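Engineer: Pasting a structure below so you can have a look.
FYI, it's all coordinate maths here, none of it is from the lab. Remember, it's a predicted structure, so these values are computed and weren't measured experimentally. Neighbour counts are summed over all protein chains in view; Cβ atoms, including those assigned to glycine, are modelled from backbone coordinates with ideal geometry.
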Amino acid sequence: MGVSKGDEVFVNEIKAGNAAAFEAMVLKYQPKLMSSLIGYTKSRDQAEELCQKTFIRVWQKIDSFRGDSALFTWIFRIGINLAKNDFASSFSKRSKITDSLDQNEHDVPEYLSPETELIAMESEDKIMKFIQTLDADTKTAFTLREIDGRTYDEIAEILKCPIGTVRSRIFRARQLILEFINQENIING
Amino acid sequence: MDKDLEKLSALYDGELSYKEIQEGLDKMREDQGLKETFHKFGLISELVQRQTKQNTSKLLFFKDYLIKVNPVMSNLFTAAATVLITLIILYQFDDDRFQVDRESSLQLSSAISSDEAKSQLLDADQNIMEHMSSLQLSSAISSDEAKSQLLDADQNIMEHMIHIMQSNASHSSQQISKNWIPVGFSVNPTNPNQYSNGRNNLFFHLENKQLGIKKVKYFKANNNWIYLIPLQDGKLLTAYGDIPPSVANPMIQSIYQRN
């Protein structure tokens, strides 16, 4: 699977030096990368450090992204390689590989603190159960998007409804989930 | 404000035009609240996708484990998983059926044969999984005969569920006895198989064969319940709806007393 239409625009903008596009990309993929890196390293601190390093590397290396894979796959591969380097260096006692903080460095948004912003494990069940209570139309559109990775066009075709309806149903699902999260005070910070 | 957030949601999905993306990024640059919301969309995605993968992995891991421990149990698990998939799909479509004026645009037949069927599995209610696993496994350990019977019964049940859900035609020809209808429920004039008390909905389906079911079985799919009730005349009554066992029990007793 190659890069999606939406990510392609982000990538082109980042390649053109658009910092806002880079920030949006970080905001979008940081939770997924953090979660994957925690799974890989079994250490939240290490994952957090690797996450920051990964996005710096992404900013530096974005020109080498050819779009053969999904954007997140490429980002995750960078993260894993950095983790392996860290792991290898900690064993060989060599000096730790660090990213050069050259002029290309771009700050990862500071307010993002994975420690406080990842959803607590005990709250995950609550959210998943809440999603089950969404009405069928909203839940189906949301599920086809988030789990199946379908485009709005494809969802509109499957559900036989206008694309605008798909867009509003997916937004409605997210809005309701966010309201639930806020009500339950699930995300700190 | 909602329009802005709807656009932000579409931006998150990469479903805006180039111009709209530029506008969205500009707005986000100036508005910390929009950034935080965008990030929360990411948190929700991560959670939903990870939970989905975990549920799938649990099923696959459990099957691998069973293959090593006991091939019969493994077959049983396969059957249970198949029923589970069907039930999940059933649950998905039941939701549509309970909304009388909502178009049920996802057809079960295509869902079963398509990739969407897999994604429905990902939407599985943990309760169903646990319920099905415990139901199948606890029954399974009793005897080999019980295992093979259960396996046959499960496959039959699965086919039965598919048959019911594929059958979109009105079943007005079915002989649903008025005596079976719980007190307070009345028939929906537009659908003779739907009964409602204004709050809960109940559907009936009558089949001429009992599919190896000797006593009442029931399954829970989120807020919906499916009751398989073998009748004395050799028919199988399927009652499904958001009717908990506390309501269904008197109905089932009444059916047996009057059948």
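Engineer: Report, as an integer, the average count of C-beta atoms from other chains found within 10 Å of each Cβ along A:17-26.
Structural biologist: Rounded to a whole number, the mean comes out at 4.
Engineer: Rounded to the nearest 0.05, what FRET efficiency is calculated for A:Asp45 and A:Asn85 with R0 set to 25 Å and r the Cβ-Cβ distance?
Structural biologist: Plugging the Cβ-Cβ distance into 1/(1 + (r/R0)^6) gives 0.90.
Engineer: Order these by the 10 Å Cβ neighbour count, fewest first: A:Thr73, A:Thr41.
Structural biologist: A:Thr73, A:Thr41
Engineer: On to the next question. What's the average, rounded to a whole number, of partner chain beta-carbon atoms within 10 Å of each residue's beta-carbon in A:4-13?
Structural biologist: Across the residues of A:4-13, the mean count of other-chain Cβ atoms within 10 Å is 3.
Engineer: A follow-up question, please. Below 9 angstrom from the Cβ of B:Gln49, what's the summed charge of the other residues (Lys, Arg +1; Asp, Glu -1)?
Structural biologist: Cβ neighbours under 9 Å give a net charge of +1.
Engineer: With r as the distance between the Cβ atoms of A:Glu124 and B:Lys3 and R0 = 51 Å, compute the FRET efficiency 1/(1 + (r/R0)^6) and round to 0.05.
Structural biologist: After rounding to 0.05, the efficiency reads 0.95.
Engineer: Once you've got the Cα coordinates, tell me which of A:Lys129/B:Lys35; B:Lys53/B:Lys235; A:Lys139/B:Lys35; A:Lys126/B:Lys3 are over 30 Å apart.
Structural biologist: Going by Cα-Cα distance, B:Lys53/B:Lys235 fall outside the 30 Å limit.
Engineer: With the Cα gyration tensor of segment A:119-188 giving a ≥ b ≥ c as the square roots of its eigenvalues, does the rule (a/c under 1.5 for rounded; else a/b larger than b/c for prolate; else oblate) give rounded, prolate or oblate?
Structural biologist: Taking the square roots of the gyration eigenvalues as a ≥ b ≥ c, segment A:119-188 is prolate.
Engineer: While we're on this one: Return, ordered by residue number, the residues of segment A:1-38 whose backbone nitrogen is under 17 Å from a label point located 7 Å along Cα→Cβ of A:Ser64.
Structural biologist: A:15
Engineer: Which one of A:Leu144, A:Ile181, A:Gly164 is farthest out on the positive end of the charge dipole of segment A:119-188, using unit charges on Cβ (Lys, Arg +1; Asp, Glu -1) and the Cα centre as origin?
Structural biologist: So the residue we want is A:Gly164.
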